[in-house]
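Note sheet for the following structure.
The values are calculated or read from the model by the stated rules, or taken from the named source; none is laboratory data. The structure displayed is predicted, hence computed values, not measured ones. Glycine gets a Cβ as well: all are built from the backbone with ideal geometry, and neighbour counts include every protein chain shown. The accessibility values were calculated without ligands, DNA or RNA, using every heavy atom of the protein model including side chains. Shrake-Rupley method; radii C 1.70, N 1.55, O 1.52, S 1.80 Å.
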Amino acid sequence: MSAIDHPMPPLNADERTTLESWLDFHRTTVAMKCEGLDDEQAAVASVPPSGFTLTGLVQHMAEVERNWFRRVLAGEQAPPIYDPQADPDGPDGGFDLAAGAALSDALATWHAEIARAREHCADRALTDTGRFMEQDVNLRWIYVHMIEEYARHNGRRPPPRRPGSPPAWPGSRSKTADRARPAWTSRSS
């Protein structure tokens, strides 16, 4: 069982609370996938020959948080985190692991970027805009995109299984998971 709180977003809230709750839900899903892993486990590719790793995912999501909330929304000239030579206007990187890359360092950087994102959003309305591809983009669109980005990556890979442990990631099927699953997610037999 995870020590990380992973509440379901509220079912009947205002738009901003709904968007922020779903974004936090998906952020928490990433954290839960990494919980209890050492650097070696988090650096294992999900399905070789793919190089997709959990440390790489955390690094990538730190880059994505920085890009959308600091560069786009706030207009900061924040350089890329993991590849200083990368084009800040190009695709978000971070997937490649440098020698000695540590999950704990990636998580600390990611958490710092999330904190900065929350600061930048706190006093803005959903209709406030930043610039992306020479066009205005509002905070509402950025939130929706970030939810999509996290959901897409969260669906790509379960965490590494620990010996003797049952599947315990969102979407896994087990008798205990079925008992704990809210009725609205149950599958009919």
Query raised in the report: From the set of residues in region 3-21 that are within 17 Å of the chain's Cα centre (by Cα) and open to solvent by less than 70 Å² (accessible area, probe 1.4 Å), which is nearest to Ile114 (Cα to Cα)?
Result: Glu20
Query raised in the report: If you take the residues in region 22-38 that are in contact with a Pro (Cβ under 9 Å, 6 or more places away or on another chain) and surrounded by fewer than 16 Cβ atoms within 10 Å (Cβ to Cβ), which one is nearest to Cys121 (Cα to Cα)?
Result: Glu35
Query - region 39-69 - residue that is under 18 Å from Tyr150 (Cβ atoms) and open to solvent by 30 Å² or more (accessible area, probe 1.4 Å) and, of those, farthest from the chain's Cα centre (by Cα) - result: Ser46
Query raised in the report: What are the residue pairs meeting all of these: first residue in region 31-46, first residue over 18 Å from Glu113 (Cβ atoms), second residue modelled with pLDDT of 90 or more and open to solvent by 40 Å² or more (accessible area, probe 1.4 Å), Cβ atoms under 7 Å, and 6 or more apart or on different chains?
Result: none
Query raised in the report: Before we move on, is Ala125 farther than 19 Å from Ile147 by Cα and at pLDDT 90 or above?
Result: no
Query raised in the report: If you go through region 89-107 one residue at a time, how many are surrounded by 13 or more Cβ atoms within 10 Å (Cβ to Cβ) and in a loop (DSSP other than H, G, I, E, B)?
Result: 8
Requested in this report: Kindly provide the set of residues from region 120-147 that are in a helix (DSSP H, G or I) and surrounded by 12 or more Cβ atoms within 10 Å (Cβ to Cβ), ordered by number.
Outcome: His120, Cys121, Leu139, Arg140, Trp141, Ile142, Tyr143, Val144, His145, Met146, Ile147
**Report entry** Complete set of residues in region 81-100 that are more than 23 Å from Ser50 (Cα to Cα) and in contact (Cβ under 8 Å) with a residue 12 or more places away in the chain
**Finding:** Pro88
